[in-house]
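The structure appears right after this line, and notes come after that.
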Amino acid sequence: METQKRYRDEKHECMSREEMKALQSEKLVKQVRHVWDNVPYYRRKMEVRGLKPTDIQSIDDLHKLPFLSKADLRDAYPYGLLGKPLDECVRIQSTSGTTGKRVVAFYTQNDVDMWEECVARAIVAAGGTDKDVCQVAYGYGLFTGGAGLHGGSHKVGCLTLPMSSGNTERQIQFMQDLGATILCCTPSYAAYIGETIKEMGISPDTLSLKAGIFGAEPWTEEMRREIEKSLGIKAFDIYGLTELSGPGVAFECEEQTGMHINEDHFIAEIINPDTGEVLPDGTKGELVFTSLDKEAFPLLRYRTRDICVLTRGKCSCGRTLVKMAKPMGRSDDMLIIRGVNVFPSQIESVLVKMAKTMPNYQIVVDRVNNTDTFDILVEVDDSMFSDTVKTYEDIQKTIANELKSVLGIRAKIRLVEPKSIPRSEGKAVRVIDKRKLHG
Ligand code: ADP
Ligand code: ZN
């Protein structure tokens, strides 16, 4: 119980708005000074705007600060945004490179501790205590998933199983033999483990699992229910990005209605991605974070490109931390096909309705004779057949029509055999855009 109390940080997770504002303001003033003194790249950005550290007196002045974007991180690669000398840094992690060149982030020991404490809060919010066996099936290595959950699990005092991703049958074997109670991995890998358990004829009731902590990629509510059923658990979302430390920037509580942001360490804003204007709570836009405590890689107003909504309200868990909705894709996930904007999540939501289970699909875009081709491979599932939809042609037609009405353009649906689309052990690859290869 000791550890659970320690990482359910009542003081910070449940403070009043006024107290939080005061804390954030105090930390922001210090952080701006730290960046000004130690990160010439950002100081120049401030100077261009005629800003001095003294212009930032509280979080009400936050909007004056310039944004940082992924392009800045690439520009400054690898050391240009360092806030501490390298010999004070103890760790490097890197993005998965889902959308282009990787960026690297640096950590001092304090940064690692803060990060792991954020993850510990997430594990405790999912019901974790020092009595739990926590199976970490996120990839270990440069990717922050493995390291982050591993560190958080240690802090809580769970018995930590550092499995990394892959070797699914061994995952299941250990899960059974060592009585894992909490599973941590990407939602697509959790779905794959669930599928494999079923194939192996193992009933979820015979497992000790009670909770899952899944994140690092977008997933739908339907996918959550499906995973919960297949593994016999309650599934919790966790969000983060390497640039800000890794998973644990935000985490879900038992209410499962969005993720609480660790606001004592990160200030969140939502902006209009086109104009940069700050939008009020409840409005959809791009999520921007300011790290308040990070020493080695202190990012101010970092544009995540994740599209979501912030909401403030009373939560039944008692936490007062602002909540972010599940980000359903990033602005740069958006495909432009024949001039029409298409988000993979729109396609997933249509397929989920059709199949009533989690769809396995892949979007393939190419350019032939100067025209974009748009194919969607969909694994056929028994649940797709109904009274009105009886044949393969019916399925194809229904999906194509449904998608046309949602997207405004027609896709060629190609039904494929069950299990023919590769399963993911990390972040799922839903889109193959061959146009990029032709330049
Ligand atoms: P990369 O940008 O190369 O994927 P990261 O591994 O740092 O590098 O991934 C961070 C990104 O992953 C976030 O910006 C977000 O787009 C996505 N992500 C992380 N957690 C979630 C989540 N719970 N739901 C949706 N997307 C998430
Ligand atoms: Zn809550």
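Taken over the stretch 193-228, the criterion of being away from ligand 1 (no atom under 15 Å from the Cβ), open to solvent by less than 50 Å² (accessible area, probe 1.4 Å) and hydroxyl-bearing (S, T, Y) is satisfied by T196, S203.
Exactly one residue out of R49, R17, R43 is closer than 21 Å to T304 by Cα, of a type in the set (K, R) and in the same structural domain as E286 (by TED's automatic domain parsing): that is R43. Among the residues of the stretch 204-218, is there at least one that is in contact (Cβ under 8 Å) with a residue 60 or more places away in the chain, out of contact with any Pro (no Cβ under 9 Å at 6 or more places or on another chain) and assigned to a helix (DSSP H, G or I)? No, the stretch 204-218 contains no residue that is in contact (Cβ under 8 Å) with a residue 60 or more places away in the chain, out of contact with any Pro (no Cβ under 9 Å at 6 or more places or on another chain) and assigned to a helix (DSSP H, G or I). When you look at R17, is it open to solvent by 60 Å² or more (accessible area, probe 1.4 Å), farther than 26 Å from V322 by Cα and of a type in the set (K, R), yes or no? Taking the combined requirement at face value, the residue does not satisfy it. Got at least one residue in the stretch 242-249 being open to solvent by 30 Å² or more (accessible area, probe 1.4 Å), assigned by TED's automatic domain parsing to the domain that holds D61 and either in contact with a Phe, Trp or Tyr (Cβ under 7 Å, 6 or more places away or on another chain) or in a strand (DSSP E or B) (or both)? Scanning the stretch 242-249 turns up no residue that is open to solvent by 30 Å² or more (accessible area, probe 1.4 Å), assigned by TED's automatic domain parsing to the domain that holds D61 and either in contact with a Phe, Trp or Tyr (Cβ under 7 Å, 6 or more places away or on another chain) or in a strand (DSSP E or B) (or both). In the stretch 405-416, the residues that are closer than 12 Å to R338 by Cα reach residues that are open to solvent by 70 Å² or more (accessible area, probe 1.4 Å) and part of a helix (DSSP H, G or I) with C-beta atoms within less than 8 angstrom, at least six apart or across chains, in these pairs: R410/K404; A411/K404. Whenever a residue of the stretch 317-328 is of a type in the set (D, E), it has no partner that is more than 16 Å from ligand 1 (Cβ to nearest atom) lying with C-beta atoms less than 6 angstrom away and at least six residues away or across chains. Do you know which residues across the stretch 294-339 are over 16 Å from L241 (Cβ atoms), among the charged types (D, E, K, R) and surrounded by fewer than 22 Cβ atoms within 10 Å (Cβ to Cβ)? Within the stretch 294-339, E295, R312, K314, R338 meet the criteria. Do we find a residue being over 16 Å from I307 (Cα atoms), within 16 Å of ligand 2 (Cβ to nearest atom) and of a type in the set (A, V, I, L, M, F, W, C) anywhere in the stretch 243-256? Within the stretch 243-256, one or more residues are over 16 Å from I307 (Cα atoms), within 16 Å of ligand 2 (Cβ to nearest atom) and of a type in the set (A, V, I, L, M, F, W, C). Highlighted here are the strands (runs of 3 or more DSSP E) found entirely within the stretch 334-424 that include at least 2 residues which are polar (S, T, N, Q) and more than 30 Å from N167 (Cα to Cα): 371-379.
Whether any residue in the stretch 307-314 is away from ligand 2 (no atom under 16 Å from the Cβ), in a loop (DSSP other than H, G, I, E, B) and under 28 Å from I92 (Cα atoms) is what I want to check. No, the stretch 307-314 contains no residue that is away from ligand 2 (no atom under 16 Å from the Cβ), in a loop (DSSP other than H, G, I, E, B) and under 28 Å from I92 (Cα atoms).
The values are calculated or read from the model by the stated rules, or taken from the named source; none is laboratory data. Given the structure is predicted, the values throughout are model-derived calculations rather than measurements. Because the Cβ atoms are built from the backbone with ideal geometry, glycine has one as well, and the counts that use them run over all protein chains shown. For accessibility, only protein heavy atoms count, side chains too; no ligands or nucleic acids. Shrake-Rupley method; radii C 1.70, N 1.55, O 1.52, S 1.80 Å.
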